[in-house]
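Values quoted throughout were computed directly from the atomic coordinates according to the rules given, and no laboratory measurement underlies them. Because the structure is predicted, anything quoted here is derived from the model rather than measured. Ideal geometry is used to build each Cβ from the backbone, glycine not excepted, and the neighbour counts take in all protein chains shown.
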Amino acid sequence: MGQLSIILARCLQAIPTVFGIVVVTFLLTRALPGDPAAYFAGASATPESITEIRAKLGLDQGLPRQFATYLKDLSRGDLGQSISTGQPVAAELLKRLPASLELTLTALFLSVMTAIPLGVLAAVHQDSWIDQLCRFVVTAGVSLPTFFTGLLLIYVLYFLLGLAPAPLGRLDLLHVPPPHVTGFLVFDGLLAREWATAWSAFKQLMLPAITLALFTLAPLARMTRAAMLQALASEYLRTARAAGLSRGRVLMVYAFRNAMLPIITTLGMVFSFSLGANVLVEKVFAWPGIGSYAIEALVVSDYAAVQGFVLSMAILFVLLNLAVDTLYTLVDPRVRIDG
Amino acid sequence: MADTSFMPTLAIAVPRRSAFARGFAHFRYVMTSNPVTFFAFVLFALMTLIALFGPALVPHDPLATLADKALKPPGAGHWFGTDHLGRDVFSRVIVATRLDLLISVSAVAISFVCGATLGAFAGYWGGWFDRLSGRLLDTIMAFPLFVLAMGIVAAAGNTIQNIVIATAIINLPFYARVARAEVSIRRNAGYVQAARLSGNSEIRILLLKILPNTLPPMMVQLSLNMGWAILNAAGLSFIGLGVRPPTAEWGIMVAEGANYIVSGEWWLALFPGAALMLAVFIFNLLGDGLRDLVDPQRRT
Amino acid sequence: MSLFLHRPPLLAVKDLCVEFATRRGPVTAARSVTLQIAKGETLGIVGESGSGKSVTSYAVMRILDRAGRIVSGAMEFGGIKLHDANETVMSDLRGREISMIFQNPRAALNPIRPVGKQIEDVLIRHARATHDQAREKAIAALERVRIRDAARRYHAYPFELSGGMCQRVVIAIALACRPQLLIADEPTTGLDVTTQKAVMELVRDLTHSEGMSTLLITHDLGLAGEYCDRIVVMEQGRVVEQQDTRALFTAPAHPYTRRLIRSTPHAAQTIRDLLPEDQRPPQPPAVAEPAATSGPLLEVRALVKVFESPGGLLHRLRTRGKSTGHAFRAVDGIGFSIARGESVGLVGESGCGKSTTSAMIMRLLDATSGSIRFKGHELTAVPAGGFARSPLRRALQMVFQDPHESLNPRATAAQSIADPLLRLDGMTGAGDIRARVEQLAAEVGLPCELLDRLPHQLSGGQKARVGIARAIATRPELLILDEPTAALDVSVQAVVLNLLADLKAKSGMSYLFVSHDLEVVRLLCDRVIVMRAGRIVEEGPTERILSAPGADYTKELLAAIPRPAHLPHHVGRAKVAWA
């Protein structure tokens, strides 16, 4: 079977997962105790207005019927209206998505670029100082609450040392956002050749990205080290050594490529963590992404907005996992052939 | 190494002892073999004591507000300083231990029991039950877990009870998967087949022959997940879910202190944050120590 | 004297000591090992597990793992002092002058790199090929190890090849640079007997044609006897004897060698011959032969087991609904019977369906179709899941392949043995049970003081005895023995086989002995059934099948048994007429 059709098959396999996600988000709001109509109508509602809203939302119909309506709305990209802003939820999420993506992807990039070399070095030089460092980073990393790390970094780097800008959003007040191309301010700034804006955006981005990266660093470094140790102890590595292959080749072609497989699998878990931690980091740094949108919505019980947020995060996670699967397919021949 | 079996097999005569004595000897072995695990256990015991007796021992009422003493830095009267309402941070951190542990322990207990049962049945009998439960777990895992917990609490209502339930649900897949994997590798092990030949019924085999053998890896998972559960519960209250002011809870205290960080009042957020970190750290250390004991090959 | 001793040695090891750091302090794995290999010579190192034979070879290659350390001793190879050569020198030597092949060939190959590329890596490393020629030379190397269609196999991954093929690739890697010395570490362990023979002959032909020396490390004295010029016998890290192969077999000097030769089943006339003379128990008085009137104890007819692969939605999409998953016929319509008191061998290579057959008879697995009649009752009428409650459960018991894995790690030996007594015999009262357990332990020769130990505190042979005691606790009428000695060293195997023979003689049980080892079957069984690919190939009295096999497959199996030229044989090669 070709690689392309495997990837296609993986996409097909994601369909039931997406369906499950849709069902859960639907049930979260409709099948739980309490009257959504009263919820929507707000505190000052009269019984008449509640009935009216119930009819308008289709809540007077049976659950399957409601679900069908929900699906129909979804297929049109309609996630409902936010009661606090009066705007369509989908539009607001889309507007704020680039900010969250920029933060999450930068953090992932940082943590992958640090964790994998750290884990590999720790495994190759087992019990050396770098292994101890790796052990420390891993244990500290999983124990630190993201929101707490963020606050510590702000206190040290902004308040005490003045190295970082104030933790207030994506751009300081002196700059206007560059023309929208990718939605990633650093890129857009560079594309528009507004160097100062790009630099400002970059400075704003660094602290939250590092905070998030520190959180995802630990599981990745831990898995890299373990996978590398396992590969180093394997029988095929002994064969490679017995054949006199050079150390570099043994480590990179024989050990590291095999160690990649469990690392890639861990990436899926890391995405889950980092999308969740993203919400907390956005709150700490007043980052105008979909996470802070959701928190604002939570405070006022704006529930179409929360539902839309949960759904879009889940879809994002599915897409990231698809990317991981594709990567896995490219590395492991066994998946390619067996399907 | 192909030839590692040269290690002399342990052939010490084992006197017949009570199960309790054997259990205690094992516990002592666990504690003495690794000082870090011992240290973690001492801290754990201390934390449990604080959770039990903390509220009776604290120097100040954690809820008493003193407007004239607001935002005092740490000093002799208030070891951890006071917050924006003049409440004693030390007392609040100590008192919060009980609530934080209660939330995470009950959440983990629920998910451990439900997850292990689900996973054990799925792993032992397979078939449609396995497929159905697998589908269910996959659907839970398809969400970024913290986001799902947010969604559950938002929908079910903003209460501590719902925080516990949401944390339990997002932890469930981990236990179910470990239990399923551990049971299914043993389902046709030699000693299980032998138990079938000895006339044990299937349910008896699962409960008496397989489950006891899967407990060590499950306990490791339990301890490692505990830290994660604390982090999740604190994260939820940090964004304003579940616990409401003025209740003392680490997550919400960090959230309240966050506003004062940029103006330099660090103690409001630092101490509850550090307490939270220490709690997670203790559970992670314990989990690592237990894992080393269960499987020395996988030291990381 | 060997003619090789007059030549200068290619490899000389002197007083080699190797230690391993363990949790309980250092353990010495090789003590003062001294041996030499001449150019063109094949030297065997034979020993049971823990004898230090593999450790010695790893020390020569200097690829001991992190815990291992060469404490003292000298190793010289063609003028190079291996013991204090630096890593650069060693890395140049490895693969070019000294190569190694391993047991478990599939794990010895990089799972995600095409096999051709793995050969290229070695060729390029030792400058035997440039990048342009590498591919061509790698294909040539594959052809040299007799892999058909080498140009296509070049692209294959290890998981696409059979175990035997993988071992050929490992050999191709080892011999790619035409080294002077090949170290073969248990190269045939885990392979089927017929594949074993092909692999060993390949190694012999290639090394002979190049004039290479070979160091063959094996636990199988028969294998070493057939292929080696000289043999070193090791025990617990020490060399106890080193001799010309002929001299070793005809006049073994050391008592351990004598015991080893004796416990190897090739030479034995009867099962008692496996034991040292001073340790042979008297023959137990045979019980009266049961009356032959009652018909066969077990009768299997047209038994079929089909395994369906779960072919999910995706699979159906891919095959566009044409297929509903692969159906694998593991057992394909077999029939045989076992009389009371009879001992029947069920022989075949891995995957032939012998274990599936025994699981169905044992009621651990439901049959797809066919009939199993035991004492006149149709066993297939009761589903496997509910058979625990059947009164016939007591009469059908089994001894499992791996004595360690078949004991609950949390149960003491006494608890394991008592389990069937409690569940099937309904015994109550701790005192009664204990007495019965002790009686059973005595029957299988397990000292009573071991009864309160957990499995990991027992040796392999002791665990095997616990497994047997548990199986005979309910006095079964049919006992299935599923390769009960496959995981044991030969000297332990000898003891366990004798125990089994004695138990049968005393109790009049019937045995179904499942095995891949024809030599063991010869000693224990009255009748043999040969299976291949789910079907019965041949069936008949042991004597006849082994001396005058009818089916080609049986002949092939017999011919594949390694046969040292210097041992008297009971399954003589001359009798195996090749078609």
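Computed from Cα atoms, the angle from the helix C:460-472 axis to the main principal axis of chain C rounds to 20 degrees. How many angstrom separate the Cα center of the range B:207-264 from the Cα center of the range C:51-88? About 52 Å separates the Cα centre of the range B:207-264 from the one of the range C:51-88.
Highest mean packing first, where packing is the average number of other Cβ atoms within 10 Å per residue, the peptides C:102-110, A:213-221 line up as A:213-221, C:102-110.
Dividing the mean sequence gap of close Cα pairs (under 8 Å, 6+ apart) by how many residues chain C holds gives a relative contact order of 15 percent. Relative contact order for chain A: 26 percent, from Cα pairs under 8 Å spaced at least 6 residues apart, divided by residue count.
Set the bar at 32 Å for Cα to Cα. Now go through A:Lys72/A:Lys203; A:Lys95/B:Lys72; B:Lys209/C:Lys354; C:Lys53/C:Lys197; C:Lys117/C:Lys555; C:Lys53/C:Lys81 and name every pair that lies beyond it.
Details: A:Lys72/A:Lys203 43 Å; A:Lys95/B:Lys72 42 Å; B:Lys209/C:Lys354 27 Å; C:Lys53/C:Lys197 22 Å; C:Lys117/C:Lys555 38 Å; C:Lys53/C:Lys81 21 Å.
Beyond 32 Å between Cα atoms: A:Lys72/A:Lys203; A:Lys95/B:Lys72; C:Lys117/C:Lys555.
For the range C:298-548, the Kirkwood hydrodynamic radius comes to 19.3 Å, computed from all pairs of different C-alpha atoms. Computed with the Debye formula from one identical point scatterer per Cα of the range C:101-178, without solvent, the log10 of I(q)/I(0) at q = 0.12, 0.14, 0.22 Å⁻¹ comes to -0.26, -0.36, -0.91. Once fully extended, how much extra length lies between C:Asp552 and C:Ala442, figured as 0.36 nm per residue of separation less the alpha-carbon to alpha-carbon distance? Net length gain for the segment: 35.1 nm.
Taking the Cα centre of the protein assembly as shown as origin and assigning +1 to Lys and Arg Cβ atoms and -1 to Asp and Glu Cβ atoms, the resulting dipole is close to 1500 debye. Go through C:Gly211, C:Gly445, C:Ala367 and say which Cα lies farthest out towards the positive end of the charge dipole of chain C; charges sit on Cβ, +1 for Lys and Arg, -1 for Asp and Glu. Comparing the listed Cα positions along the dipole, C:Ala367 ranks first. Under DSSP H, which helices of chain A have Cα atoms covering 20 Å or more of the helix axis and a Kyte-Doolittle average no less than 1.0? Result, helices passing both filters: A:3-30, A:89-124, A:257-284, A:303-331. Solvent-free Debye calculation, one equal scatterer per alpha-carbon of the range A:93-299: log10 I(q)/I(0) at 0.09, 0.10 Å⁻¹ equals -0.43, -0.52.
Each of A:Thr266, A:Leu311, A:Val299 was placed along the dipole of the range A:235-339 (beta-carbon charges, centred on the mean Cα), and the one lying farthest toward the positive end is A:Thr266.
Per-residue mean of other chain beta-carbon atoms within 10 angstrom of the beta-carbon, peptide A:276-283?
Other-chain Cβ atoms within 10 Å of each residue's Cβ, averaged: 5.
Full extension of the chain between C:Thr428 and C:Arg24 gives 141.2 nm of extra length, using 0.36 nm per residue less the Cα-Cα distance. Cα centroids of the range C:129-196 and the range C:455-489: 39 Å apart. Extending 7 Å from the Cα toward the beta-carbon at both A:Asp78 and C:Ala435 defines two label points whose distance is 8.5 nm. Using a Gaussian network model of chain B with C-alpha springs under 10 Å, which one of B:Leu145, B:Leu224, B:Leu208 is most mobile by mean-square fluctuation? Ranking B:Leu145, B:Leu224, B:Leu208 by mean-square fluctuation puts B:Leu208 first.
Between the Cα long axis of helix C:193-210 and the first principal axis of chain C there is an angle of about 10°, rounded to the nearest 10. The angle between the Cα long axis of helix B:211-238 and the longest principal axis of the Cα atoms of chain B comes to about 20 degrees, rounded to the nearest 10.
Each Lys and Arg adds +1 at its Cβ and each Asp and Glu adds -1 at its Cβ; summed about the Cα centre, the range C:16-90 shows a dipole of about 220 debye. How big is chain B by the Kirkwood estimate over distinct Cα pairs, in Å? Over chain B, the inverse of the mean reciprocal pair distance is 21.9 Å.
Counting helices only, and only those DSSP H runs with n ≥ 4, report the 222 nm mean residue ellipticity of chain B as the sum of -39,500 (n - 2.57) divided by its residues, in deg cm²/dmol to the nearest 500. Dividing the helical sum by the residues of chain B leaves -23500 deg cm²/dmol. A full extension of the chain between B:Gln161 and B:Ser201 corresponds to an added length of 10.5 nm, given 0.36 nm per residue minus the alpha carbon distance.
Cα centroid separation, the range C:495-550 to the range B:67-86: 87 Å. Using only side-chain charges placed at the Cβ, +1 for Lys and Arg and -1 for Asp and Glu, the dipole size of the range C:298-548 relative to its Cα centre rounds to 960 debye. The trypsin sites (Lys or Arg not before Pro) of the range B:191-300 that DSSP puts in a loop, and whose beta carbon has at most 14 other beta carbons within 10 Å, are B:Arg299. Candidates C:Pro9, A:Phe136, C:Val60 compared by Cα position along the dipole of the protein assembly as shown: farthest toward the positive end lies C:Pro9, with charges placed on Cβ.
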